[in-house]
Amino acid sequence: MHYRCMITSHQTDLLAKSPSQEVLRGVLEASSEACWCMEFGIPVDVTAPDSEVVRQVFENDPYWSFANPAMAQLYLLPSDHTLTDRPVAEIFPRNPQNEEFVLNLIANGFEVDAAPARDTRYDNVQIEVENDVRAHIEGGRLLRMFGNVRDVGKHRRREAALAHQLRLAQTVLGFLPMPVLALGDTGNILFANAAATRLLGASEADLLGREYAPVLNGGPRDRRALVAAIDNVIAAPFPTPQDIHVDGEEHLWTITNSPADDAIAVIVSAAPNRPEV
């Protein structure tokens, strides 16, 4: 079971004072999301200029007053160590990214979600993280910050890999000698390779987002049969590929659909119409 924790200032007080602290601590320690609370030996003066607040956050004796096991796992803390005994700067060092993190907190009254930071694990590897942060401020003094932290680096690497695969696929399609169009379920053009732009006499930027019927019928060719076939394939609840020949054109149009695809409804391509021997 996945528990999401967001520690409140009242809960941090309970962790130290309430008879029910064992129940609360058990809930937080069972969470699979890293939860933390950072307190300051010298409260931070949040009425000071931003640069001074940033300095104090890193220099006013910050320490971990709470960190659950998921926090230790995230930062690869050796099993014979306890995070609350370790200096905050070991994983939250002062660097340009983390100074920006603090400035973001200041700008939002120390109440932010998905705030980016760059931390350092105990294997000395820097990781990109996001924090949901709240704070306990009294009389213009920041006493503690608390929240959740997530490693988003693996997601960004996944996004970068997918973007690379997309660029590669677009490059391959761009070199194909046959025109290829990808259409959405409303008939809007989602993709057109270089051969399609040459055939239709329009740039990719001019084609994307347009409804396909006027594009295909916009030239000297009568492609009404092709448009009707595309209409039928888009409306079909199951795969119904069709081949259509347009009079005066030396290629055969092929229309294929994939009802299971949420983005692309139909692929329209044209290949040389080779006469039967």
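The values are calculated or read from the model by the stated rules, or taken from the named source; none is laboratory data. Because the structure is a prediction, the values reported are computed rather than measured. Every residue, glycine among them, receives a Cβ derived from its backbone with ideal geometry; neighbour counts consider all protein chains shown. To get the accessible areas, we keep the full protein, side chains included, count just its heavy atoms, and leave off ligands, DNA and RNA. Shrake-Rupley method; radii C 1.70, N 1.55, O 1.52, S 1.80 Å.
Some observations on this one:
- Strands (runs of 3 or more DSSP E) within the range 33-149 that include 2 or more residues more than 25 Å from the chain's Cα centre (by Cα): 34-45, 62-67, 126-138
The rows are residues; the columns are (1) open to solvent by 60 Å² or more (accessible area, probe 1.4 Å); (2) in the same structural domain as residue 137 (by the TED database); (3) within 16 Å of residue 148 (Cβ to Cβ); (4) modelled with pLDDT under 95.
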residue	(1), (2), (3), (4)
10	yes, no, no, yes
18	no, no, no, yes
28	no, yes, yes, yes
43	no, yes, no, no
87	yes, yes, no, no
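- Residue 191 vs. criteria outside the structural domain of residue 233 (by the TED database), among the hydrophobic types (A, V, I, L, M, F, W, C) and either within 20 Å of the chain's Cα centre (by Cα) or more than 17 Å from residue 71 (Cα to Cα) (or both): no
- Some residue of the range 219-226 being in contact (Cβ under 8 Å) with a residue 24 or more places away in the chain and touching a Phe, Trp or Tyr at 6+ places or on another chain (Cβ under 8 Å): yes
- Filter result (of a type in the set (Lys, Arg) and surrounded by fewer than 13 Cβ atoms within 10 Å (Cβ to Cβ)) within the range 222-258: 224
- Counting only strands (runs of 3 or more DSSP E) that sit completely within the range 183-271, those holding 3 or more residues that are within 16 Å of residue 173 (Cβ to Cβ) correspond to 189-192.
- Scanning the range 57-80 for residues that are free of Cβ contacts under 8 Å to residues at least 24 places away in the same chain and within 18 Å of residue 37 (Cα to Cα) gives 59, 60, 61, 72.
- When residue 154 is tested against (1) touching a Ser or Thr at 6+ places or on another chain (Cβ under 7 Å); (2) over 27 Å from residue 53 (Cα atoms), exactly one condition is not met: (1).
- Number of the exception - residue 64 against (1) within 15 Å of residue 146 (Cα to Cα); (2) at pLDDT below 95: (2)
- Tabulated pairs, the range 120-149, first closer than 14 Å to residue 93 by Cα, second basic (Lys, Arg) and open to solvent by 20 Å² or more (accessible area, probe 1.4 Å), C-beta under 7 angstrom, 6+ apart or interchain: 126/118; 127/121; 128/118; 128/156; 129/150
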